[in-house]
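Here the structure is laid out as C-alpha cells; the discussion comes afterwards.
The values are calculated or read from the model by the stated rules, or taken from the named source; none is laboratory data. Keep in mind it's a predicted model, so treat the numbers as computed, not measured. We place every Cβ from the backbone using ideal geometry, glycine too, and count neighbours over all the protein chains shown.
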Ligand code: COI
C-alpha cells in the first residue's frame, strides 16, 4: 500500500490465501470470492475510516433495518487484465455515480469518491493475481451498502455499511438464452425504485423468473407495468432489438436501469455506423417483426451478462425462435467492447481506468 493510501485506509493482513484452491477454468458466476474485502461504516453522521481486511462474515443485530425493510443497494462492475499484466476497470465513475443516485433514492448516505474509487483501486491492486488474462476472464466487483442500524421501526437507518467484495468470473449465462415476455408481473413502476440498483428490485423478480425457468426460459423481459405493451429490460440486463438494420433499445426511465453496458453499446454502435434508436419497442411490433422476418436479433447487455444473444421469446401462448444470423450486430459490438476492456484496441472513449 502507498503511504498516501495508508493514511486513508486501514489494512488487516490475511493469514492465508484461498487462491490455490480455486478452479479458474470452471467458475460458476458469483460463488468464489477473493481473500480481501473493503468495509466502511457510516455512524454518527459520518463515514469512518475504511478498512481492507480478510473476507469474512459480518455480525449484525437481528433487528438491523436491512433484514426488515431491505434498505440495500449494490453495483456490478468488472476489471480485466491486459497482456502486460495491467488491470483495468471499465467506466468505474459511471457505477460510482449510479451508486450514489441509488443511495439517495433509498434514503442512504452518499459514499465519498475516495472510499469508492480509491478503495476499489487499492482492493483490486491487492488481488491482482485473482484476475486472469484472456477474453472471457474477469474480476466481478460487487460494491454494496446495507442499513445496519438496529430497531424495527419503519424508518431509514442512521447506520450503514459500505462493502466491496470481488469474485473471479467467466460468463453469466451458458448456452441459449430464451426469454418470456411479461404480461402480468411487473419489475418496476413509475415513481418507484426501478432505476435504482436496489436489492428489492432483484428479489421481486425471483418468483416470476422462477415460473419462467420452470417453462424453460432463462429470463423475463419486463414490460411497462401500466399497459404491458412496451418492452423494457430483462432484470439482469438491458435489451436491444435489431429490426432490419436498426438497433432499438428502450429509453431509461423510473422503471429501467441506466446500464453502463447499454450506454457503451449505444456509443459503440454509433461509432461503428450502426443506426441506433432509443425508443420503446412495442410487444406487438416485435411479434409482427418476427413474423414478417424483419426482426433479426435480440440481445441483452449488462456487466455480468456482457452481450448475451437471445435465441427466442415467448409471448402469451406463442413461442417464436429467431433465425440464426451471420454477421450479427451483437457479436460485432461484443468484440469491439471487449477489445476495449482487455486493451486489445485503443480506448478512444477513455472508458478504461488503470488500477
Ligand atoms: C450486473 O450485471 O452486474 C448485475 O448487477 C446483474 C446481476 C443481477 C448479476
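No other residue among 223, 236 is under 21 Å from the mean Cα position of the chain (by Cα) and either within 15 Å of the ligand (Cβ to nearest atom) or modelled with pLDDT under 95 (or both) apart from 236. Taking the condition outside the structural domain of residue 139 (by TED's automatic domain parsing), within 16 Å of the ligand (Cβ to nearest atom), out of contact with any strand residue (DSSP E or B) (no Cβ under 7 Å at 6 or more places or on another chain) and assigned to a loop (DSSP other than H, G, I, E, B), does residue 347 pass? Criteria not met by residue 347.
For segment 237-286, filtering for residues that are part of a loop (DSSP other than H, G, I, E, B) and closer than 22 Å to residue 315 by Cβ leaves 7. The strands (runs of 3 or more DSSP E) falling completely within segment 4-114 that include 1 or more residues that are more than 30 Å from residue 237 (Cβ to Cβ) map to 36-43, 51-54. In segment 168-190 there is no residue matching the filter, namely being free of Cβ contacts under 8 Å to residues at least 12 places away in the same chain, surrounded by fewer than 17 Cβ atoms within 10 Å (Cβ to Cβ) and outside any loop (DSSP other than H, G, I, E, B).
Before we move on, is residue 288 at pLDDT 95 or above, out of contact with any strand residue (DSSP E or B) (no Cβ under 8 Å at 6 or more places or on another chain) and away from the ligand (no atom under 16 Å from the Cβ)? In short, yes. Of all residue pairs spaced 6 or more apart or on separate chains, those with beta-carbon atoms under 8 Å, a first member in segment 197-221 that is more than 15 Å from residue 234 (Cβ to Cβ) and a second member that is within 15 Å of the ligand (Cβ to nearest atom) and assigned to a helix (DSSP H, G or I) are 198/102. With respect to the conditions (1) in the same structural domain as residue 137 (by TED's automatic domain parsing); (2) closer than 25 Å to residue 96 by Cβ; (3) away from the ligand (no atom under 16 Å from the Cβ), residue 192 lacks only one, and its number is (1).
Per the listing 69, 55, the residue uniquely at negative phi and either under 22 Å from the mean Cα position of the chain (by Cα) or within 16 Å of the ligand (Cβ to nearest atom) (or both) is 55.
Scanning segment 245-285 for residues that are closer than 21 Å to residue 179 by Cα, free of Cβ contacts under 8 Å to residues at least 60 places away in the same chain and either within 16 Å of the ligand (Cβ to nearest atom) or out of contact with any strand residue (DSSP E or B) (no Cβ under 7 Å at 6 or more places or on another chain) (or both) yields 249, 252, 259, 262, 284, 285. Scanning segment 291-305 for residues that are at pLDDT 95 or above and surrounded by 15 or more Cβ atoms within 10 Å (Cβ to Cβ) returns 295, 296, 297, 298, 299, 300, 301, 302, 303.
The set of residues in segment 72-92 being within 21 Å of residue 37 (Cα to Cα) and away from the ligand (no atom under 16 Å from the Cβ) consists of 81, 86, 87, 88.
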